[in-house]
1. Look through His139, His147 and report the one residue that is under 20 Å from Arg252 (Cβ atoms) and not β-branched (Val, Ile, Thr).
2. Taking Asp214 and the conditions (1) surrounded by fewer than 17 Cβ atoms within 10 Å (Cβ to Cβ); (2) out of contact with any Phe, Trp or Tyr (no Cβ under 9 Å at 6 or more places or on another chain); (3) not in a loop (DSSP other than H, G, I, E, B), which numbered condition does it fall short on, given that it satisfies the others?
3. Within the stretch 35-55, count every residue that is surrounded by 12 or more Cβ atoms within 10 Å (Cβ to Cβ) and not basic (Lys, Arg).
4. Tell me which residues, restricted to the stretch 312-324, are part of a helix (DSSP H, G or I) and either touching a residue at least 24 places away in the same chain (Cβ under 8 Å) or within 20 Å of the chain's Cα centre (by Cα) (or both).
5. Could you check, for the stretch 273-287, whether at least one of its residues is modelled with pLDDT under 95, out of contact with any His (no Cβ under 8 Å at 6 or more places or on another chain) and surrounded by fewer than 16 Cβ atoms within 10 Å (Cβ to Cβ)?
6. Mind telling me which of the residues Ala58, Ala106 ends up being surrounded by fewer than 19 Cβ atoms within 10 Å (Cβ to Cβ), among the small types (Gly, Ala, Ser) and under 30 Å from Ser319 (Cα atoms)?
7. Listed residues Ser203, Ser219, Ser230; which is touching a residue at least 24 places away in the same chain (Cβ under 8 Å), part of a loop (DSSP other than H, G, I, E, B) and closer than 27 Å to Val306 by Cα?
8. Quick one: would you say Leu162 is under 22 Å from Phe264 (Cβ atoms), over 15 Å from the mean Cα position of the chain (by Cα), at pLDDT 95 or above and of a type outside the set (S, T, N, Q)?
Amino acid sequence: MTRVVDVHTHVVPKGWPDLAVECGGEGWPTLRVDSERDAMIMIGSTEFRPIGAACWDAPTRFADMDADGVDVQVVSPTPVFFSYERPADQAVKVARIFNDLTLECAAVGEGRLVPFCQVPLQDPDAACAELDRCLAAGHAGVEIGNHVGDRDLDDPGIVAFLRHCAEVGAPVFVHPWDMPDGRRIDRWMARWLAGMPAETHLSLLAMVLGGVFDEVPPSLRICFAHGGGSFPYWLGRADNAWHRRGDVVRGRSAHPPSHYVDRFYVDSVVFDPVALRLLVTVMGDERVLLGSDYPYPLGERPAGEVIRKADFLSSEQRSALLGGNALRFLGQLRDPAPRFPWGP
């Protein structure tokens, strides 16, 4: 039986060194530990996000995984640590710190936790070097943000990094971050409810219309968080614009957007069977992977519940979404037993 693999989870170590001392600069995240099981990520004196023991405590995480019927989690950084806005030398240092701490967090549980690293994406050469270091150390892939300032995923430097990922066989997980703010979007967590789907949609358009999928080899394995944002829902609109206003819409793409849906994966964090049905219809049942956004409050619990309850899926499709597709994304052609090869 195929293992259940959750490709979208995050980890936060319980402590890290003083980043101003280790990396230079100011305004770095710190952790205010409030109890054995509760802490707060701080940005200066501002409370950024409350977190709990599931972020750092392996027994807590494994208990939740067992309760949800999840065998394996891919554990990725929390985007607040990406540091793309900082000088590259600082971003290199912070990436090394958190990548090494992530390996420590994942070095338990007989391979149940599969670590993904972060890289200083603002410097493609440094990003490639850090990815290579991390792959050699035990990371299985890389999580990147969906943009670096005003540079989207069709930026030549980012495309060079993605090409390197394809060459070395590293799967890439794209997570939205650094959403716009302002009076209209700062209410009701609208940056997460509207901004995150829009960010992912925009970056998928950049990959398609910017010609990235025409440039990078098909061996690139890349997955977009949160069901691909709003992109799958509005794919017909993008195709219509590509055909009717090709003078301004086509960009560098050789084909309409729908041509490229077999070039990337999306996770299943859409929360509703109707939305999941649309996602599977648009993407195909081989391109949707279980993701939960564990352990954050806007994630799905129990992980995979919508997939398990979706009555339109066959048993074979359900098995693919729960784990089989993730194995292919991670570079595993079949379910290894008794443990993943990158386990301790």
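1. Within the list His139, His147, the selection yields His147.
2. The failed condition is (2).
3. Narrowing the stretch 35-55 to residues surrounded by 12 or more Cβ atoms within 10 Å (Cβ to Cβ): 37-43, 48-55.
In the following step, the residues that additionally are not basic (Lys, Arg) were identified as 38-43, 48, 50-55.
So the answer is 13.
4. If we filter the stretch 312-324 for residues that are part of a helix (DSSP H, G or I), which is where we start, we get 315-324.
Within the stretch 312-324, Gln317, Ser319, Ala320, Leu321, Leu322, Gly323, Gly324 meet the criteria.
5. Narrowing the stretch 273-287 to residues modelled with pLDDT under 95: none.
Within the stretch 273-287, not a single residue is modelled with pLDDT under 95, out of contact with any His (no Cβ under 8 Å at 6 or more places or on another chain) and surrounded by fewer than 16 Cβ atoms within 10 Å (Cβ to Cβ).
6. Values: Ala106 fails: surrounded by fewer than 19 Cβ atoms within 10 Å (Cβ to Cβ).
Ala58 is the lone residue from the list that is surrounded by fewer than 19 Cβ atoms within 10 Å (Cβ to Cβ), among the small types (Gly, Ala, Ser) and under 30 Å from Ser319 (Cα atoms).
7. Details: Ser203 fails: part of a loop (DSSP other than H, G, I, E, B); Ser219 fails: closer than 27 Å to Val306 by Cα.
Unique residue meeting the criteria: Ser230.
8. So Leu162 does not fit the description; no.
The values are calculated or read from the model by the stated rules, or taken from the named source; none is laboratory data. All values derive from a computational prediction rather than experimental measurement. FYI the Cβ positions are ideal-geometry reconstructions off the backbone, even for glycines, and counts take in every protein chain you see.
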